[in-house]
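The values are calculated or read from the model by the stated rules, or taken from the named source; none is laboratory data. Quick caveat: nothing in here was measured; it's all calculated off a predicted structure. Glycine gets a Cβ as well: all are built from the backbone with ideal geometry, and neighbour counts include every protein chain shown.
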Amino acid sequence: MRLSLERRIQIGFGIAVAIILAVAAASLRSTAATVDSAIWVAHTLQARGELEATFADLIEAETGVRGYVITGDTTYLAPYQAARATLGTLVAGLRTLTADNPLQQRRLDSLETLVAARLERFRWTIETRRSGGAAAAGRAVVGDSGTEPMQLVRASVRGMEDEEERLLAQRSAALQARAREARLAAWTGALVAIALASLASVLVGREMAGRHGAEERLRLLVGSVRDYAIYMLDPTGRVASWNRGAQQIKGYVETEIVGQHFSRFYTPEDVAAGRPDATLRAAAATGRHEEENWRVRKDGSRFWADVVITAVRDDRGALVGFAKVTRDLTERRRTEQSLRASEERFRILAVTANDAILSADRQGNITYLNPGAERVFGYSAEEATGRPLTSLMPERFRDAHQAGLERYLATGEARVIGKTVELAGRRKDGTEFPLELSLASWTQGAEVAFTAIIRDITGRKQGEEQLRRYAAQLEAANQELEAFSYSVSHDLRAPLRSLDGFSQALLEDYGDRLDDTGRDFLQRVRAGSQRMARLIDDLLSLSSVTRSELQMDEVNLSVLAAAAVVDLQKSDPERHVTFAIAPDLVARADVGLMRIVLQNLLGNAWKFTGKRPGAHVEFGVTAHDGRRAYFVRDDGAGFDMAYADKLFGAFQRLHGTAEFPGSGIGLATVQRIIRRHGGQVWAEGAPDRGATFYFTL
Amino acid sequence: MHDRSILLVEDNPDDEALTRRALAKNNIQNEIIVARDGAEALDCLFGTGPHAGQAAAPELVLLDLKLPKVDGLEVLRRIRSHPRTRLLPVVILTSSREERDVVTGYGLGANSYIRKPVDFGQFVEAVRQLGLYWLILNEPPPKPDAA
């Protein structure tokens, strides 16, 4: 567990204080010991001084006694009197000073005895002088082996002094050792304190630096986020911090928004409903509040926002404020909405489609089917969903389907996918029907899925069958017609040849036996035969126009018209008709059939201007309902528009054969040819005012 | 035998009579052998059936197309596929002017294709020109050995 900085500082300082106290205690103890040692040194020096003073007092007293003995002058007795007064005190002082040393006490005992003995001798000597005079006293002094007792005192003092000297040396050494210890302790304490202070300084500095760096990084991170507005609110909802994303999304800069209440981001409706405060209460109560809703930018525009508000509390749980993270989802919402709209469109498409639309997963199990599929197969969506696709096909196709599906999944080789194929389907009631299938595959995530659009083509199949039957019937009818035409062309003409040929033979061989009327009758038989032969030929050409295949090509109608005119002029070089042919009228048509059209129309014009000298015939083009209408115009006999609808019927004639010969088939042929080209043909005219025939292609 | 003869293949007696008349009117004196159907025409040419042993070697064949038993185009095909008659001039003389008959006829090696006109005058003229061309002007191929 990582301790908090505060705790670590507390512990660090505790340790430092303990160490410094320990060092101080050690130092104090060393100092006390030093003082103690110093006191002992001073004690020793005092004891020595008092020993010296005791011996000196004794010497002085002895010298004074001797002076008195010699002179009788009592003033010499002053040192003796002083020594008597002080020596007891000195010895008592020495006894106190050396109380700790039994050896010195014992020596002091003997010294005290010696001193007392000397003082007694001095008193006796003085007494002797006083009583015995100078001579007795002199003898007493001479008889006193004075130097020897003094030597004893001296030795005793010396012994004590030596002892004190020894003690002094010992105590001085001890004092010095103590002093060294005290210095050492003081230095050590100082160093430890410095080291601790340094260590603490480094540690705290590093911690502070780390903390500062982390804060700085966090500030930069939050500040640089552009896609999210990340900012703090104080507990009352006023903005406390702002980042770049917030500026970007909401449009406010930091200086203008900090301190403002965050309710200005809400729409007026939400503010009126009290949502901002409710939101804060919710966040404070639960710790976190998230919503998607409209928010307002500085410029008043709205955006769809994803908002997360988190209550921020300090260590003691007191509410410090709220952290708000807002994202602009307008674009995503728009995309989602258009996706939904698109989905809806396709759903409606699928629902309203008359065709069956199915989806299946990679196992080939149905995942969707539309109402069209329900109708076509007889299963409801609930029944069919999850079933294998194979249940919708006759058994004989199932293995091939399964193999195809597996091959596609394994190799991606598609034989049916992307194409429209005709197959058979199987309804719920077991009946089969022909269908047309379009299969598509796509990947949904990692999964392959299939969509099939299926059309029940029973009706079409029946229609096709019907059409085939009709086509066969038509073919048979055409063949019959052809055989009929052939037969007409061949067999109907043979009797005509007989009629004509034998009539001619009669005229040649037996003409002399007939009168003019008889010969005229035979001529009429021949004319009738030949007219019928022409009729047959015209009929055949009419039928061949209908039967032959159109060979479409670029056709120069002007050239065809000119060729037809040349033929007409050759047929009757005596006539003078002025032809005006527009040059290079090119159209896409069947050249053979267009030749027949122009031969017929120009032939008609030629024929019906037969009674007009200096006739004019024109071939040209004009516009009619936005199409090119070609026309052949003449200034001949014309016709009554009341009969215009009869012009193009087969065998319909508006003029007697005697007036204008003809079979009545020409315009019927023209109409058939024009209609086969997808065009129209019509005529305008008036009796004796000429006629104009128009045709389009 | 049958030197410079004409084989007329025609089932219609009227047409046969008119053709004979037209030939006569044009002073074409060649012998005219008539076959009434396709089978007879082939027997006649190849000396088979009733004509066994006496195959005709005509100068010219006038061939109608619509014939009983074997039709004219088949007769033509057989003529052209047999070495002895391979080069024999054959003129199709028929009522039909169906394009496919014309095309097939020429395709099978017909030398001419003439549609019989109804007008007898025109027919006589046609026969005249035909006779003039094929029997007088035209140099016939060398006669193959009689089978």
Give me the pairs: first residue in region A:272-290 and under 15 Å from A:Asp306 (Cα atoms), second residue exposed (fewer than 15 other Cβ atoms within 10 Å of the Cβ) and charged (D, E, K, R), beta-carbon distance under 8 Å, and six or more apart or on different chains, which are they? A:Thr279/A:Glu291
Does region A:121-132 include one or more residues that are under 17 Å from A:Ala56 (Cβ atoms), out of contact with any Cys (no Cβ under 8 Å at 6 or more places or on another chain) and assigned to a helix (DSSP H, G or I)? yes
Restricting attention to region B:71-85, and to residues there that are within 14 Å of chain A (Cβ to nearest Cβ) and in a helix (DSSP H, G or I), which single residue is surrounded by the most Cβ atoms within 10 Å (Cβ to Cβ)? B:Gly72
Is it the case that some residue within region B:4-19 is of a type in the set (D, E, K, R), in contact with an Asp or Glu (Cβ under 8 Å, 6 or more places away or on another chain), under 21 Å from B:Ile136 (Cα atoms) and surrounded by fewer than 18 Cβ atoms within 10 Å (Cβ to Cβ)? yes
Scan region B:23-46 residue by residue and report those that are crowded, with 22+ Cβ neighbours inside 10 Å and either of a type in the set (Gly, Ala, Ser) or in contact with a strand residue (DSSP E or B) (Cβ under 6 Å, 6 or more places away or on another chain) (or both). B:Ala35, B:Gly38, B:Ala41, B:Cys44
I'd like to check which helices (runs of 4 or more DSSP H) are fully inside region A:195-278 and have at least 3 residues that are surrounded by 16 or more Cβ atoms within 10 Å (Cβ to Cβ). A:244-250
Being touching a helix residue (DSSP H, G or I) at 6+ places or on another chain (Cβ under 7 Å) and more than 14 Å from chain A (Cβ to nearest Cβ), is that true of even one residue in region B:12-25? no
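Residues that are part of a loop (DSSP other than H, G, I, E, B), crowded, with 19+ Cβ neighbours inside 10 Å, on the phi < 0 side of the Ramachandran plot and more than 14 Å from chain B (Cβ to nearest Cβ): does region A:607-624 have at least one?
yes
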Residue check, B:Leu88 against (1) touching a Pro at 6+ places or on another chain (Cβ under 8 Å); (2) assigned to a helix (DSSP H, G or I); (3) more than 14 Å from chain A (Cβ to nearest Cβ), all met but one. Which one? (2)
Please go through region B:99-121 and pick out each residue that is among the polar types (S, T, N, Q) and either within 14 Å of the chain's Cα centre (by Cα) or within 9 Å of chain A (Cβ to nearest Cβ) (or both). B:Asn111, B:Ser112
Return the only residue of B:Pro50, B:Pro68, B:Pro58 being free of Cβ contacts under 8 Å to residues at least 60 places away in the same chain and within 14 Å of another protein chain (Cβ to nearest Cβ). B:Pro68
Of A:Ser485, A:Ser441, which residue is hydroxyl-bearing (Ser, Thr, Tyr) and not assigned by TED's automatic domain parsing to the domain that holds A:Gly418? A:Ser485
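Those residues that are in a helix (DSSP H, G or I), away from every other protein chain (no Cβ under 11 Å) and within 28 Å of A:Asp491 (Cα to Cα), I need them from region A:544-558; list them, please. Lay out the reasoning, then the answer.
Residues of region A:544-558 that are in a helix (DSSP H, G or I), as a first pass: A:544-547, A:557-558.
From what is left, the residues that are away from every other protein chain (no Cβ under 11 Å) are A:545-546, A:557-558.
Once the filter is applied, which keeps residues that are in a helix (DSSP H, G or I), away from every other protein chain (no Cβ under 11 Å) and within 28 Å of A:Asp491 (Cα to Cα), region A:544-558 yields A:Val545, A:Thr546.
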Regarding A:Phe651, is this residue in a loop (DSSP other than H, G, I, E, B), closer than 26 Å to A:Ser548 by Cα and either at pLDDT below 80 or of a type in the set (Lys, Arg) (or both)? yes
Subset tally (residues that are in contact (Cβ under 8 Å) with a residue 60 or more places away in the chain and on the phi < 0 side of the Ramachandran plot) for region A:217-244: 10
For B:Ser96, state whether it is among the polar types (S, T, N, Q), within 11 Å of chain A (Cβ to nearest Cβ) and either without any contact (Cβ under 8 Å) to a residue 40 or more places away in the chain or on the phi < 0 side of the Ramachandran plot (or both). yes
Does region A:493-543 hold any residues that are assigned to a loop (DSSP other than H, G, I, E, B) and of a type in the set (A, V, I, L, M), and which are they? A:Leu514
Go through region A:453-508 residue by residue and tally those that are among the hydroxyl-bearing types (Ser, Thr, Tyr), more than 8 Å from every other protein chain (Cβ to nearest Cβ) and without any contact (Cβ under 8 Å) to a residue 24 or more places away in the chain. 2
Scan region A:422-436 and tell me whether some residue there is closer than 23 Å to A:Leu349 by Cβ, without any contact (Cβ under 8 Å) to a residue 60 or more places away in the chain, among the acidic types (Asp, Glu) and in a strand (DSSP E or B). yes
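State yes or no: is A:Ala563 hydrophobic (A, V, I, L, M, F, W, C) and at pLDDT 90 or above?
Taking the combined requirement at face value, the residue satisfies it.
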Residues that are hydroxyl-bearing (Ser, Thr, Tyr) and within 24 Å of A:Gln151 (Cβ to Cβ), drawn from region A:65-118: A:Tyr68, A:Tyr76, A:Tyr80, A:Thr86, A:Thr98, A:Ser110, A:Thr113
Can you spot a residue in region A:512-522 that is loosely packed, with under 14 Cβ neighbours inside 10 Å, within 30 Å of A:Gln652 (Cα to Cα), in contact with an Asp or Glu (Cβ under 6 Å, 6 or more places away or on another chain) and more than 14 Å from chain B (Cβ to nearest Cβ)? no
Yes or no: region A:363-374 includes at least one residue that is loosely packed, with under 15 Cβ neighbours inside 10 Å, of a type in the set (A, V, I, L, M) and under 20 Å from A:Gly430 (Cα atoms). no
